[in-house]
Amino acid sequence: MSAVCGKERAWAAINLNHLEENVRQLQKILPKECRLMPAVKADAYGHGARLIARELWNRGIRDFCVASVDEAVELRECGITGQILILGYTPPCQFEELWQYGLTQTVIDSAYAKELGAWGKELTVHVCVDTGMHRIGERSDHREAVYEIWKNDNLSITGVFSHLCASDGMTKEEREYTKRQIQDFDDMVQKLHRRGITGFWTHLQGSYGVLNYPGLSYDYARVGIALYGVLSSRRDWTIADIRLKPVMSLGARLVCIKMLHAGESAGYGLAFTASGEMRIGVVSIGYADGIPRDLSNRGHALVNGCRVPVIGRICMDQLMIDVSEVKKASAGDEVIFIGRSGDEEIRAEELAGDAGTITNEILSGIGRRVKRKTI
Ligand SMILES: *Cc1c(COP(=O)(O)O)cnc(C)c1O
């Protein structure tokens, strides 16, 4: 257990009020009967799964989804007694844990359903139907194979779901593809009902499914990134006009300041060379903490309300910034990579864009050394 001294080397501040507001905003655009099933996989997208799940639990949310048994067990251990759906593959050696902890497993395809059904004790599952993403799920055009899943002994099937793969897109092609997926899913559910197969919940939308197709009415919506108050990319806009508030800010510490003379270089590989006299600051965060190395000579940070460039290559534990223009920068000052400082703000979408990726990857990649603290 590390000491909290208010001078952490690197921290992620988690704003629980913003989380609560995002929950409310998302619930507002969803039909009343649709409940949130927050995606708290990957340590709640880097925000801290225990912290986020407990907070959501206290706000009345009872259903969660994760990627693995280990993530689900972590939730059970912090008092989450509701439904926990594992969205991915669980190896047979962990079926015992599914049973023991009362977890809900995704049926990946009909062969996997047989494996689950043959295990011995009754397991609770949701059936994933592939409506066009072609990742997991039994293909929706393999109708008989889908129906067969219900013939397995020892499976308690409490849900049927699918996943949209282009709901963030606004091109005609993407909108049409998504509408076909929705139609395909609805057909599947209707056909199951007509065969007398009932008693299961349905869910289809992730964040963009909710934000861009808000009228859809299923039992759950598996929201992840939107709950954390950001979009995947700064280029994105959405049909539902809601103001999400970023839950995480990310900061580190200025550890020393030094002068660089014209022609001198800084950092690994001589990747940055001073063109004149300048002041640089060394910051206590690096790529092992989740600052992408792609931000070398390219990223930005905020110091005392000023926006400054990252210079040189980002190291594993440290990086350097140009503080020539910051009048009163001194060792110990905060350096913000995501969040506000004075009137300036760097959004996760901007950082991700500069690094050539999406916020989902940035947030879930925030390292274990980064201290999570709540505000
Ligand atoms: C991760 C995941 C989600 C949540 O996605 P967001 O875009 O972050 O809302 C929903 N469904 C499935 C199957 C997922 O893997």
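The values are calculated or read from the model by the stated rules, or taken from the named source; none is laboratory data. Since this is a predicted model, take the numbers as computed values, not measurements. All Cβ positions, glycine included, derive from the backbone under ideal geometry; neighbour counts span all protein chains shown.
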(request) Specify the residue that is nearest to residue 229 (Cα to Cα); the eligible residues are those in the range 346-375 that are β-branched (Val, Ile, Thr) and buried (at least 17 other Cβ atoms within 10 Å of the Cβ). (result) 359
(request) Please work out if residue 57 is crowded, with 17+ Cβ neighbours inside 10 Å, more than 16 Å from the ligand (Cβ to nearest atom), closer than 27 Å to residue 211 by Cα and among the aromatic types (Phe, Trp, Tyr). (result) yes
(request) Kindly establish whether residue 141 is surrounded by fewer than 20 Cβ atoms within 10 Å (Cβ to Cβ) and at pLDDT below 95. (result) no
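Listed here are the residues, each with its yes/no results for (1) among the acidic types (Asp, Glu); (2) over 22 Å from residue 160 (Cα atoms); (3) within 24 Å of the chain's Cα centre (by Cα).
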{"residue": "42", "(1), (2), (3)": "no, yes, yes"}
{"residue": "62", "(1), (2), (3)": "no, no, yes"}
{"residue": "82", "(1), (2), (3)": "no, no, yes"}
{"residue": "88", "(1), (2), (3)": "no, no, yes"}
{"residue": "98", "(1), (2), (3)": "no, no, yes"}
{"residue": "116", "(1), (2), (3)": "no, no, no"}
(request) Just one of (1) touching a Ser or Thr at 6+ places or on another chain (Cβ under 9 Å); (2) under 19 Å from residue 342 (Cα atoms); (3) surrounded by fewer than 21 Cβ atoms within 10 Å (Cβ to Cβ) trips up residue 254, so point out which. (result) (3)
(message) Tell me whether the range 340-351 contains one or more residues that are hydroxyl-bearing (Ser, Thr, Tyr) and within 20 Å of residue 307 (Cα to Cα).
(response) yes
(request) Looking at (1) farther than 19 Å from residue 142 by Cα; (2) within 13 Å of the ligand (Cβ to nearest atom); (3) not aromatic (Phe, Trp, Tyr), find the lone condition where residue 214 falls short. (result) (2)
(message) Looking only at the range 319-328, count every residue that is assigned to a loop (DSSP other than H, G, I, E, B) and either among the β-branched types (Val, Ile, Thr) or crowded, with 20+ Cβ neighbours inside 10 Å (or both) and tell me the total.
(response) 2
(request) Considering only the range 80-109, state which residues are away from the ligand (no atom under 16 Å from the Cβ) and charged (D, E, K, R). (result) 96, 97
